[in-house]
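Report on one structure; see the data block that follows.
Taken together, the values in this text are just the output of simple stated rules run on the coordinates, not laboratory data. On a predicted model such as this, the values are computed, not experimentally measured, just so you know. Here the Cβ positions follow ideal geometry from the backbone for every residue, glycine too, while neighbour counts run over all protein chains shown.
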Amino acid sequence: MSQTGPTDKPSARGFRMPAEWEPHAATWLAWPQRESDWPGKLELIPWVYAEIVRALTRHETVNLLVTDDATGASATDILSRASADVSRVKTWALPTDRSWLRDSGPIFVTNATGARVALDWRFNAWAKYPDWQKDDGVPAFVAETVGVPRVEPVHNGHRVVLEGGSIDVNGAGLLLTTEECLLSTTQQRNPPLSRADYERVFADYLGIEKVLWLDRGIVGDDTHGHIDDLARFVGPRTVVTVVESDPADENYELLRTNRERLESMTDAAGGRLEVVPLPMPRPLVFEGVRLPASYANFYIANGTVIVPTFNDPADRVALGTLADLFPDRAVVGISCVDLVWGLGTLHCMTQQEPR
């Protein structure tokens with residue numbers, strides 16, 4: 001697909017980013033292999049992945065990136081032992097730097113005819129880590145594997161850096177993000193881009209009519225403000241947002257600010273949003289590090305919603321809230337006490353491929 005003029009942008013050709021709850025062809029994952037992501041806990045993490053794959057393969061195909069064929073065989077063995085449906089798992093040999101495909105993988109856009117395009121945003125490891133070159137090649141590999149056209153989003157001659165975890169969409173023209181992630185000079189992804197530039201990019205490539213800007217992300221988030229630990233669309237005009245009940249907690253004020261912003265926001269037609277509170281677990285600290293534990297990092301798949309849990313009393317409240325919001329899906333808790341040591345959980349590791 002050409003990118004030479006404004007009429008060549010995906011949205012001008014009828015493409016939009018679907019909501020996560022729209023039908024999937026598959027979920028893409030990358031098998032965990034990096035010791036520095038889970039120092040001292042890496043041997044536990046494949047078994048957490050196995051639980052995730054077990055839950056997903058009840059409802060859809062899982063495409064799994066592995067370092068090599070030997071890793072693929074080992075992963076398949078673990079999945080089999082955990083009773084995942086390995087007949088619905090396809091392994092693909094592609095070395096990666098890390099396993100967070102929400103951010104390094106492609107974002108798919110679709111049109112009314114069912115055509116799909118893989119958007120290949122530049123990835124630079126959250127403008128924080130030096131090793132990202134393998135991960136930056138994931139979208140091209142996925143696009144070729146799936147057999148869809150690939151587009152590299154560009155704005156004013158600048159190839160745009162964007163992570164999937166920094167945005168959330170309702171599939172009908174609305175996009176959520178944070179000023180901290182996209183507009184701050186800390187971990188600055190795209191120094192040339194202003195607020196208006198981002199809004200143009202989202203309109204051109206994702207079919208977005210209105211961007212809803214929240215303030216800051218939760219404490220402990222090394223991405224510097226990803227929306228998928230903070231607030232998520234669960235319907236065309238319904239948003240869940242995490243809230244902190246303890247005024248002494250360092251998340252309390254920033255989450256209150258974000259909730260107040262959401263409650264004053266409207267959709268593209270001027271209708272008010274329905275804002276549903278989602279609790280936060282009590283602070284989860286490991287080796288003196290506050291971890292970004294958040295129930296907002298759930299993932300919506302065909303027939304199921306998998307939700308991170310943290311051995312916390314608020315687990316049941318979060319699961320109940322999401323079960324009420326998704327009555328037609330099985331809401332399944334996955335223990336992420338170990339997984340979150342890698343500074344991410346379920347949404348961070350998954351990337352949907354729309355049907």
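Side notes on the structure shown:
- Anisotropy class of segment 126-187 from Cα gyration tensor, a/c 1.5 cut: oblate
- Extension reserve of the H59-D324 stretch, reckoned as 0.36 nm per residue once the Cα distance is removed: 93.4 nm
- Between D69 and R290, the FRET efficiency estimated from the beta carbon spacing at R0 = 51 angstrom works out to 0.85.
- Stretching A12 away from E209 to a fully extended chain increases their span by 69.7 nm, per 0.36 nm per residue minus the current alpha-carbon distance.
- In plain terms, the chain from E253 to S184 could stretch by 22.9 nm, reckoned as 0.36 nm per residue minus the Cα-Cα distance.
- For the chain, DSSP calls about 45 percent of its internal beta bridges antiparallel.
- Only Lys, Arg (+1) and Asp, Glu (-1) charged, at Cβ; segment 1-129 dipole about Cα centre in debye: 360 debye
- Whole-Hz ³J(HN,Hα) from phi, Karplus 6.51 cos²θ - 1.76 cosθ + 1.60, for segment 295-311, glycine and proline x: 6, 6, 8, 6, 10, 9, 10, 4, x, 8, 10, 9, 10, x, 10, 9, 6
- Rounded if a/c under 1.5, otherwise prolate or oblate - segment 253-347, Cα gyration tensor axes: oblate
- Computed 3J(HN,Hα) for segment 210-225, one whole-Hz value per residue from the Karplus formula 6.51 cos²θ - 1.76 cosθ + 1.60 where θ = phi - 60°, is 8, 9, 9, 9, 8, 8, 10, x, 6, 5, x, 7, 6, 7, 6, x, glycine and proline marked x.
- Over the chain, Cα pairs under 8 Å with separation of 6+ residues give a relative contact order of 20 percent.
- Relative to the Cα centre, the charge distribution of the chain, modelled as +1 at Lys and Arg Cβ and -1 at Asp and Glu Cβ, gives a dipole magnitude of about 800 debye.
- When the pairs K90/K134; K90/K128; K41/K134; K41/K128 are compared against a 28 Å limit on Cα-Cα distance, K90/K128 fall above it.
- Total formal charge among the other residues, if their Cβ is under 14 angstrom from that of P192, Lys/Arg +1 and Asp/Glu -1: +4
- Positive dipole terminus of the chain, leading residue within A82, Y129, L65 (C-beta point charges): L65
- Exposure proxy order (Cβ contacts within 10 Å, fewest to most) of T110, T345, T223, T266: T266, T110, T223, T345
- Its DSSP H runs of at least 4 residues, each contributing -39,500 (n - 2.57), put the calculated 222 nm mean residue ellipticity of the chain at -7000 deg cm²/dmol, to the nearest 500.
- Sorted by Cβ density within 10 Å, fewest first, the residues I45, I52: I45, I52
- Global form of the chain, assessed from the alpha-carbon gyration tensor, a/c cut-off 1.5: rounded
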